[in-house]
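Input: a single structure, listed below in structure tokens.
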Amino acid sequence: MKLVSYKTEEIEHLGVFVNGHIYNLNSCNKLIPDNMNEFLLGGEPLMERAKQINEEIISGTLKPKEEVFYQILAPVPHPTSCRDGYAFRQHVAAARRNRKVDMIAEFDQYPIFYFTNHNAIEGPGEIECMPDHFEKLDFELEVAVVIGKKGRNIKAAEADDYIAGYTIMNDMSARTLQMEEMLLNLGPAKGKDFSTVIGPWLVTPDELESYKVAAKANHTGNAYKLKMTCRVNGVEVSAGNMADMDWTFAEIIERCAYGVDILPGDVIGSGTVGTGCFLELNGTGLLNDPNYKTQWLQPGDDVEMEITGLGSLTNIITKVDTDFSILGLKKG
């Protein structure tokens with residue numbers, strides 16, 4: 001099932017996406033709330049009702065009115081929190097190699113994550129960026145999960161049961177701001193908190209069963225063979241696979257939930273897939289060729305991410321018309 005949040009006449013709704021059409025779930029069953037947050041709080045009973053409606057629409061036994069004029073939002077427009085992991089060893093190793101530092105041994109010991117701004121979650125469409133963001137503006141190709149039930153001190157062996165669904169994530173990054181602040185061994189913060197894109201919908205785990213593969217050796221949890229690509233202005237710049245995750249989402253959730261509650265509506269990203277950002281691609285290019293022409297996102301760029309089974313997430317990058325610069329506020 002593909003759950004979608006959308007807006008009509010400035011009102012947010014919850015629907016299912018079936019065969020290219022959106023159908024409002026609340027209009028099919030009044031027991032289902034008309035927004036994603038309340039729906040996720042309802043847990044398994046509401047999820048089962050929604051799946052039944054989805055199956056009836058597919059079979060033709062239920063023929064509700066489809067939505068016609070709408071704007072697709074992030075599948076969880078108002079997440080309770082947003083964390084981002086660091087699961088792909090290929091990306092970490094390449095980034096460190098490009099900086100001429102050794103691979104860090106701790107990567108293979110435990111998964112890590114950082115918190116980003118859950119109030120800056122966006123969906124398909126335009127992404128407004130400030131002028132300073134365009135100082136090395138970057139995409140990051142990722143997968144994300146959304147938590148479907150509350151839990152604490154969850155073991156990895158049970159953690160997949162807490163996942164309501166999967167979606168594409170673009171962890172937008174302003175690299176000049178990011179690298180500047182991380183010199184102080186804190187962050188990322190301003191380099192990341194202006195926009196995190198997820199979408200176009202939330203795909204429930206049952207839809208991905210046919211793509212399931214074994215997790216990597218000595219790891220626990222579900223893994224999926226899903227091709228991941230990113231195109232900028234129609235040109236493919238990144239390609240990877242979700243099966244390349246070294247740390248599983250189950251293991252990341254285990255760490256997230258240690259000593260704290262995870263909640264329905266929490267978003268957790270995978271971290272960047274190998275080749276999944278210009279920072280890595282530029283670094284590798286310059287390492288192999290000092291004359292390599294680096295690339296960063298520019299105003300007007302069309303960024304399209306596609307992941308097998310999860311759909312396609314497209315954004316147009318726009319620039320805010322202002323001369324306000326946080327980089328210009330530096331003292332000394």
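The values are calculated or read from the model by the stated rules, or taken from the named source; none is laboratory data. Keep in mind it's a predicted model, so treat the numbers as computed, not measured. Positions of Cβ are backbone-derived with ideal geometry, glycine not excepted, and every protein chain shown enters the neighbour counts.
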Would you please name the residue that is nearest to residue 137 (Cα to Cα), looking only at residues in the range 286-325 that are more than 21 Å from the chain's Cα centre (by Cα) and of a type in the set (A, V, I, L, M, F, W, C)?
320
Contacts under 6 angstrom Cβ, first residue in the range 58-70 being closer than 23 Å to residue 124 by Cβ, partner aliphatic (A, V, I, L, M), 6 or more apart
67/22
Looking at (1) closer than 24 Å to residue 196 by Cβ; (2) touching a Phe, Trp or Tyr at 6+ places or on another chain (Cβ under 6 Å); (3) surrounded by fewer than 20 Cβ atoms within 10 Å (Cβ to Cβ), which one does residue 130 not meet, given that it meets all the others?
(2)
List pairs: first in the range 293-307 and among the β-branched types (Val, Ile, Thr), second modelled with pLDDT under 95 and assigned to a strand (DSSP E or B), Cβ under 7 Å, 6+ apart or cross-chain?
none
In the range 224-261, anything basic (Lys, Arg) and either more than 15 Å from residue 153 (Cβ to Cβ) or without any contact (Cβ under 8 Å) to a residue 12 or more places away in the chain (or both) is listed as 225, 227, 231
Of all residues making up the range 259-285, the number that are hydroxyl-bearing (Ser, Thr, Tyr), under 17 Å from the mean Cα position of the chain (by Cα) and surrounded by fewer than 23 Cβ atoms within 10 Å (Cβ to Cβ):
1
Candidate set from the range 274-292 (those that are of a type in the set (Gly, Ala, Ser) and in contact (Cβ under 8 Å) with a residue 24 or more places away in the chain); member that is nearest to residue 198 (Cα to Cα)
276
In the range 198-217, anything closer than 28 Å to residue 315 by Cα and either part of a strand (DSSP E or B) or within 15 Å of the chain's Cα centre (by Cα) (or both) is listed as 198, 199, 200, 201, 202, 203, 204
For the range 79-129, give me each residue that is touching a Cys at 6+ places or on another chain (Cβ under 8 Å) and among the charged types (D, E, K, R).
83
Restricting attention to the range 71-114, which residues are touching a helix residue (DSSP H, G or I) at 6+ places or on another chain (Cβ under 6 Å) and among the hydroxyl-bearing types (Ser, Thr, Tyr)?
81
Quick one: which strands (runs of 3 or more DSSP E) sit completely within the range 218-332 and have at least 1 residues that are among the polar types (S, T, N, Q)?
227-232, 235-241, 311-319
List, please: which pairs have Cβ atoms under 8 Å, are six or more places apart or on different chains, and start with a residue in the range 132-147 that is on the phi > 0 side of the Ramachandran plot and end with one that is modelled with pLDDT of 95 or more and part of a loop (DSSP other than H, G, I, E, B)?
136/296
Collect the residues in the range 163-191 that are touching a residue at least 60 places away in the same chain (Cβ under 8 Å), surrounded by 24 or more Cβ atoms within 10 Å (Cβ to Cβ) and within 28 Å of residue 264 (Cβ to Cβ), keeping them in residue-number order.
164, 165, 166, 167, 168, 169, 170, 171, 173
Got at least one residue in the range 231-241 being more than 24 Å from residue 125 (Cα to Cα) and crowded, with 18+ Cβ neighbours inside 10 Å?
yes
Unmet criterion (only one of (1) hydrophobic (A, V, I, L, M, F, W, C); (2) over 23 Å from residue 204 (Cα atoms); (3) buried (at least 19 other Cβ atoms within 10 Å of the Cβ)) for residue 53
(2)
If we only count strands (runs of 3 or more DSSP E) wholly inside the range 4-98, which ones have 3 or more residues that are more than 27 Å from residue 255 (Cβ to Cβ) and at pLDDT 95 or above?
11-18, 21-24
Looking at the range 197-217, is at least one residue β-branched (Val, Ile, Thr) and out of contact with any strand residue (DSSP E or B) (no Cβ under 9 Å at 6 or more places or on another chain)?
no
